[in-house]
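Nothing in this text is a laboratory measurement; each read-out follows from the coordinates by a stated rule. Every value quoted in this text rests on a predicted model; they were computed, and no experiment measured them.
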Amino acid sequence: MPSLNYPNLETCEVQVTSSSGCNLPPPPAVDPACIEAMRAPLPSLYDFHVEKKALEPLPVSTINSSPVGTDISTPNRRKRESLERMMSITNASEIECSSILQGQNHDLEASVNAYMNSH
C-alpha cells in the first residue's frame, strides 16, 4: 500500500477558534492554588494513641500507692474518674456519659463502645 505524502501539511498548525453548532464556553482554568494543594502530601493516618491510652487499665501500683487514710481508690472516686475519662474520649455531656456508665456497671471500655455504637 503506498503511503500518502502531504508536504504542505507537515508544518501546519491547527488552532480551534470556534466550533460551529456549539455555544459552550471554554473550560475554566484550574486555579494554581488548587494544583498546589493536590500536590501536597497527605497527612498520616491517625493512630488513636490518646484513645488507646485512655482505655488502658491503670497499673495496680498506681491505684494502691496512696498513703493510709488518703485512699483515692474509693468507689465514688473511681466512678468519677471513669466519668471524666469517658467525657474526654467521647466529648459527650456529663449526663449522657453518667447514664451510659451506670448502664454498663461503670465499665469504661464497655461504656465507650456502647456510646460509639449508639452514635
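Here are the numbers:
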item: Karplus-derived 3J(HN,Hα), 6.51/-1.76/1.60, for each residue of the range 97-113, Hz, glycine and proline x; result: 5, 4, 4, 5, 4, 5, x, 9, 6, 6, 8, 4, 4, 5, 5, 5, 4
item: Gain on full stretching of the segment that runs from A33 to S93 - 0.36 nm per residue minus C-alpha separation; result: 17.6 nm
item: Three-way shape label, the range 69-119, alpha-carbon gyration tensor, a/c 1.5; result: prolate
item: Theoretical gain in end-to-end length, K52 to A114 [0.36 nm per residue, Cα-Cα removed]; result: 20.7 nm
item: Karplus-derived 3J(HN,Hα), 6.51/-1.76/1.60, for each residue of the range 91-96, Hz, glycine and proline x; result: 6, 8, 6, 4, 5, 5
